[in-house]
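The values are calculated or read from the model by the stated rules, or taken from the named source; none is laboratory data. Remember, it's a predicted structure, so these values are computed and weren't measured experimentally. Please note: Cβ atoms are built from the backbone with ideal geometry, for glycine as well, and neighbour counts cover all protein chains shown.
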Amino acid sequence: MACSGGADSVALLRLLHAINQSDYWHWTLLVAHIDHGMRGRASSQDAEFVRQLSATLGLECLVAKLDLARAASEAKAREGRFKALATMV
């Protein structure tokens, strides 16, 4: 699953991981994070947070770093994110 490191995606990741611990579900969870680099050091910190959370949960984490300028638009970031996620699977 894609995880930005924000509250929503972290909550979803934790929920999916908890559900997957049951005797019924047996998903292979893979965490993917895209570091847009648009927020400077904060972007790198998000990536590290997602790596550490994934390790704590015992999940594989893939991180892709995009080379977007700080002034890049949200549309450009979304396009880059979708392309990067497609290559991770």
Requested in this report: Could you give me the residue pairs with C-beta distances under 7 Å whose first residue belongs to segment 34-56 and is at positive phi, whose second residue is of a type outside the set (A, V, I, L, M) and surrounded by 12 or more Cβ atoms within 10 Å (Cβ to Cβ) wherever it lies, and which are 6+ apart or on separate chains?
Outcome: 37/43; 37/65
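To keep it simple, each residue is scored yes or no on (1) under 27 Å from residue 17 (Cα atoms); (2) of a type in the set (S, T, N, Q); (3) in contact with a strand residue (DSSP E or B) (Cβ under 9 Å, 6 or more places away or on another chain).
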position	(1), (2), (3)
39	no, no, no
45	yes, yes, no
50	yes, no, yes
64	yes, no, yes
Query - Subset of segment 1-28 [part of a loop (DSSP other than H, G, I, E, B) and surrounded by fewer than 13 Cβ atoms within 10 Å (Cβ to Cβ)] - result: 6, 21, 22, 23, 24, 25, 26, 27, 28
Requested in this report: Collect the residues in segment 58-72 that are within 14 Å of the chain's Cα centre (by Cα) and farther than 18 Å from residue 84 by Cβ, keeping them in residue-number order.
Outcome: 59
Report task. Please name all residue pairs, on different chains or six or more residues apart, with Cβ atoms under 8 Å, provided the first residue is in segment 3-15 and is of a type in the set (Lys, Arg) and the second residue is modelled with pLDDT of 95 or more. Result -> 14/57
Query raised in the report: Restricting attention to segment 35-49, which residues are modelled with pLDDT under 95 and under 20 Å from residue 89 (Cα atoms)?
Result: 35, 36
Requested in this report: Identify the residue in segment 50-89 that is loosely packed, with under 14 Cβ neighbours inside 10 Å and of a type in the set (Ser, Thr, Tyr) and, among all such residues, is modelled with the highest pLDDT.
Outcome: 56
